[in-house]
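The values are calculated or read from the model by the stated rules, or taken from the named source; none is laboratory data. Predicted, not measured: the structure shown is a model, and the values here were computed from it. When we count neighbours, we look across all protein chains shown, and the Cβ atoms used for this are built from the backbone with ideal geometry, even at glycine. Only protein heavy atoms, including side chains, enter the accessible area calculation; ligands, DNA and RNA are left aside. Shrake-Rupley method; radii C 1.70, N 1.55, O 1.52, S 1.80 Å.
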Amino acid sequence: MDNALFEYLVRLGDDSLILGHRLSEWCGHGPILEEDIAMTNIALDLVGQTTSILKYAGEVEGKGRTEDDLAFLRYEREYRNTLLVEQPNGDFGVTMMRQFLFDAFRKPLFEQLVNSSDAQIAAIAAKSLKETKYHFKHSAEWVIRLGDGTEESHERVQNALNDLWRYTDEMFFTDEVDRDLESRGITFSMEDLKNTWQETVKSVLDQATLEIPTNGWQHDGGRKGLHSEHLGYILAELQYMQRAYPGMEW
Amino acid sequence: MVAKERIWELMEEVFDPEVPVLTVVDLGVVRDVNFENDSWKITITPTYSGCPAMKRIEDDILEKLKENGIENASVELVLSPAWTTDWLSESGKKKLKEYGIAPPVAEVDKSVLFAERPIVPCPKCNSKRTKMISQFGSTACKAHYQCEECLEPFDYFKCLK
């Protein structure tokens with residue numbers, strides 16, 4: 001089995017799985033109907049992307065695990081998502097800020113991966129990129145609208161940015177898995193990705209009249225399976241049916 | 001053996017579960033029909049990654065073939081090349097409009113934030129005075145619009161390229 005490729009796919013898939021689940025929590029609770037529908041639509045895209053990614057991960061692993069087995073039947077330490085995506089929804093401003101910081105990373109990532117030497121990753125990236133462009137446009141426009149909106153909305157998204165900033169560096173976490181895949185042309189430079197992300201984020205936050213926090217301290221752990229307490233609660237809900245009724249289908 | 005053309009004809013009798021005026025051929029979801037190793041293989045591609053209709057479409061295709069005496073068939077899902085709205089047939093676009101869904105018009109430059117929205121004519125009264133209510137609509141493939149002339153709220157089958 002190609003261990004590095006499997007590990008990479010699980011990282012890629014868990015980010016969209018957990019963020020998709022987080023967004024789905026807004027179903028029926030959106031501030032306005034249109035946003036309720038928007039967030040659940042984006043959740044659906046993210047979970048759909050996860051399906052393709054984890055399905056491929058299961059094939060690479062070669063032990064007969066399906067995308068559902070991987071999504072529903074692993075333990076907390078086996079999840080490889082970043083800490084950013086498991087952070088609670090908070091208010092609408094927090095959710096949009098979290099989404100924007102993620103979309104600004106995921107869009108250029110897929111732009112890189114369409115050129116992957118791995119044909120299946122390239123196909124998934126080409127498909128997902130079309131959707132991610134819509135997500136980015138939606139979240140970036142909201143960050144600008146809220147940041148450059150009323151005093152109240154400005155303060156709330158600035159606070160959201162201050163709280164979430166410490167989880168952003170982890171998206172660019174690099175270890176031997178990344179170095180191995182990059183050497184095979186399956187993935188590309190994380191440094192280029194980070195530069196693109198920083199430029200995009202700065203340009204949008206400037207328009208939003210928001211200030212990038214200067215505190216340099218950053219969390220990590222998610223890529224190694226060490227999560228914040230939030231993931232346990234997410235998994236309790238996400239896995240409930242399969243744990244209570246193993247193998248159930250509908 | 002059944003002719004390949006016959007399989008394509010049958011595919012034109014399978015409708016999209018969410019936009020039931022369109023066949024899976026109109027939508028461009030059926031990519032290929034082939035006879036391999038004594039079995040028909042139908043290749044399909046999803047419109048959006050999370051499209052919940054794909055499983056249903058797969059089942060409906062097999063069901064349609066079975067009804068017509070073709071038991072040895074399978075459906076394969078492929079992601080590449082990725083589906084775009086350019087694959088919607090002209091007759092499909094016409095059927096969409098008649099059904100009350102505005103067909104895709106032009107590509108929006110998604111890199112430009114707050115860019116001008118494309119002008120989407122109202123499928124009911126054809127007025128160009130319409131506004132986007134939400135980029136995300138009742139299904140993954142649609143946005144939500146309203147006509148400012150006749151006030152009709154309508155779905156827009158959004159452009160995906």
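Brief remarks on what is shown
- Cross-link reach is defined here as a Cα-Cα straight distance under 16 Å, omitting same-chain residues fewer than 8 places apart; for residue B:128 the aspartates and glutamates meeting it are B:116, B:148, B:149, B:152, B:155.
- Take the Cα of residue A:233, step 7 Å toward its Cβ, do the same at residue A:206, and the gap between the two points is 3.8 nm.
- Alpha-carbon centroid distance for the pair segment B:37-84 / segment A:1-44, whole angstrom: 26 Å
- Residues of the protein assembly as shown: accessible area per residue with a 1.4 Å probe, Å²: 45 Å²
- In the elastic network of chain B, a GNM with C-alpha springs shorter than 10 Å, the most mobile of B:81, B:103, B:17 is B:81.
- Loop-located trypsin sites (Lys or Arg not before Pro) in segment A:1-79, at most 14 other Cβ atoms within 10 Å (DSSP): A:63
- Rounded to 5, percent antiparallel among DSSP beta bridges of the protein assembly as shown: 70 percent
- Entries in B:97/B:161; A:107/B:41; A:63/B:41 that, when Cα-Cα distance is taken, lie over 32 Å: A:107/B:41
- Restricted to Cα atoms, segment B:4-83 shows a radius of gyration and a Dmax of 11.7, 34 angstrom.
- Pairwise FRET efficiency - residue A:34 versus residue A:176, Cβ, R0 = 45 Å, nearest 0.05: 0.50
- Modelled spin labels at residue B:77 and residue B:115, positioned 7 Å past Cα toward Cβ, are 3.0 nm from each other.
- Counted residue by residue at 0.36 nm each, then reduced by the alpha carbon distance between them, the extension gain from residue A:145 to residue A:68 reaches 23.9 nm.
- Gyration tensor verdict on the protein assembly as shown (Cα atoms; rounded if a/c is under 1.5, prolate if a/b is larger than b/c, oblate otherwise): oblate
- Efficiency of FRET between residue A:226 and residue A:152 - r from beta-carbon atoms, R0 45 angstrom, step 0.05: 0.80
- The distance separating the Cα centre of segment A:74-98 from that of segment A:112-176 comes to 13 Å.
- Using the Karplus relation 6.51 cos²θ - 1.76 cosθ + 1.60 with θ = phi - 60°, the per-residue 3J(HN,Hα) values for segment A:105-111 come to 8, 5, 5, x, 4, 5, 4 Hz, with x marking Gly and Pro.
- Anisotropy class of segment B:75-126 from Cα gyration tensor, a/c 1.5 cut: oblate
- If R0 is taken as 35 Å, the Cβ-Cβ distance between residue A:245 and residue B:59 corresponds to a FRET efficiency of 0.90.
- Calculated mean residue ellipticity at 222 nm for chain A: -22000 deg cm²/dmol, from DSSP H runs with n ≥ 4 weighted as -39500 (n - 2.57), summed, divided by the residue count and rounded to 500.
- Vicinal HN-Hα couplings computed from phi for segment A:144-154 (Karplus, 6.51 cos²θ - 1.76 cosθ + 1.60; Hz; Gly/Pro x): 5, 4, 6, x, 9, x, 8, 4, 5, 5, 4
- Under Karplus coefficients 6.51, -1.76 and 1.60, residue-wise ³J(HN,Hα) of segment A:80-87 in Hz, glycine/proline x: 10, 5, 6, 5, 3, 6, 8, 5
- Stretching the chain fully between residue A:2 and residue A:27 yields a gain of 5.2 nm (0.36 nm per residue, less the alpha carbon separation).
- Spin-label pair residue B:39/residue B:126, simplified geometry with 7 Å Cα→Cβ offset, distance in nm: 5.1 nm
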